[in-house]
Ligand code: SF4
């Protein structure tokens, strides 16, 4: 019964979805939007075309809260302010609440305090184990950059880079992205899974600075029983990766224009917020 109701509600929104397709095609494209489209086009349809709002899972909320704390840590170092864990704790607690106001979270009874404590444990672990010296001043923090790809017949590429470190002995800054994950990553897998994002950030860095990045670091905060930090390092973007990103954007534009919302059932369905709508046969 619930599925049928949902289906009717969704079908009722389809006329306005036609306008949304045109809007989406005019909007900048980001690595997360590309990944959403290529991982499951139906999920993309629910999220970006119908704009269905859903409560998020605890794991996503933990990731966002940890990310906000590390952003605060980087900004404090940027402004030469104290950046020890006690300087971040109140901000972390505030973010934990304010992020729920933006995106409600589906906590099981009794789950929230456990997850909040785990999330703070990840932040403390990072501050203890990070290879970034407290005195190192960031080159840039949370920098938003656009690059117009009209010359390639593509939309504007947009990204927000977590942190740029000094490149050390190599010219160009080192691009850092923070990840929270339940699984310990290795370098080839991390590179493969994050290639679109790394390539996009490399091209955006070049657009903003006029120079080539010295490389990338992915700082993975792993949610094992005893949390740990795994850092994978990646070379600057090469021509092949740039070409793959452009093919991926072309495929995205083509798919959205054709309104190709084919579902891709798989392991990702376990964590999909649109499982009920999908199961109900909205499309
Ligand atoms: S449940 Fe699976 S197939 Fe359906 S929209 Fe979500 S990810 Fe796609």
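Assess whether residue 222 counts as being in contact with a strand residue (DSSP E or B) (Cβ under 6 Å, 6 or more places away or on another chain) and either over 23 Å from residue 140 (Cβ atoms) or within 16 Å of the ligand (Cβ to nearest atom) (or both).
Details: in contact with a strand residue (DSSP E or B) (Cβ under 6 Å, 6 or more places away or on another chain): yes; either over 23 Å from residue 140 (Cβ atoms) or within 16 Å of the ligand (Cβ to nearest atom) (or both): yes.
Yes: the conditions hold for residue 222.
Within segment 49-69, how many residues turn out to be under 15 Å from the mean Cα position of the chain (by Cα) and modelled with pLDDT of 90 or more?
Looking only at that region, the number is 10.
Suppose we keep only residues that are assigned to a loop (DSSP other than H, G, I, E, B), more than 14 Å from the ligand (Cβ to nearest atom) and in contact (Cβ under 8 Å) with a residue 40 or more places away in the chain within segment 228-283. Which one would you say is nearest to residue 29 (Cα to Cα)?
259
Just a yes or no: is a residue in segment 127-139 out of contact with any helix residue (DSSP H, G or I) (no Cβ under 8 Å at 6 or more places or on another chain) and on the phi > 0 side of the Ramachandran plot?
The answer is no; no qualifying residue exists.
Please work out which residue is nearest to residue 73 (Cα to Cα), limiting yourself to segment 143-152 and to residues that are in contact (Cβ under 8 Å) with a residue 12 or more places away in the chain and exposed (fewer than 15 other Cβ atoms within 10 Å of the Cβ).
The first filter runs over segment 143-152 and keeps only residues in contact (Cβ under 8 Å) with a residue 12 or more places away in the chain, leaving 143-147, 149, 152.
Next cut, exposed (fewer than 15 other Cβ atoms within 10 Å of the Cβ) only: 144, 146, 152.
Values: 144: 18, 146: 25, 152: 38 Å.
Among them, the one singled out is 144.
When both residues are 6+ apart or on different chains and their Cβ atoms are under 6 Å apart, which pairs have a first residue that lies in segment 24-42 and is within 17 Å of residue 246 (Cβ to Cβ) and in a helix (DSSP H, G or I), and a second that is modelled with pLDDT of 95 or more and within 11 Å of the ligand (Cβ to nearest atom)?
The qualifying pairs are 37/44.
Quick one: in segment 153-175, which of the residues that are within 13 Å of residue 202 (Cβ to Cβ) and touching a helix residue (DSSP H, G or I) at 6+ places or on another chain (Cβ under 9 Å) is surrounded by the most Cβ atoms within 10 Å (Cβ to Cβ)?
Selected residue: 175.
Any residue at all in segment 57-69 that's in contact with a helix residue (DSSP H, G or I) (Cβ under 9 Å, 6 or more places away or on another chain), without any contact (Cβ under 8 Å) to a residue 40 or more places away in the chain and either within 13 Å of the ligand (Cβ to nearest atom) or not in a helix (DSSP H, G or I) (or both)?
No, every residue in segment 57-69 fails to be in contact with a helix residue (DSSP H, G or I) (Cβ under 9 Å, 6 or more places away or on another chain), without any contact (Cβ under 8 Å) to a residue 40 or more places away in the chain and either within 13 Å of the ligand (Cβ to nearest atom) or not in a helix (DSSP H, G or I) (or both).
Give the residues of segment 183-210 that are touching a helix residue (DSSP H, G or I) at 6+ places or on another chain (Cβ under 7 Å) and either touching a residue at least 60 places away in the same chain (Cβ under 8 Å) or farther than 22 Å from residue 64 by Cα (or both), sorted by residue number.
Within segment 183-210, 196, 197, 199, 200, 203 meet the criteria.
The values are calculated or read from the model by the stated rules, or taken from the named source; none is laboratory data. In this text, all values refer to a predicted model and were calculated from it rather than measured experimentally. No Cβ is skipped: glycine too gets one built from the backbone with ideal geometry, and neighbour counts run over all protein chains shown.
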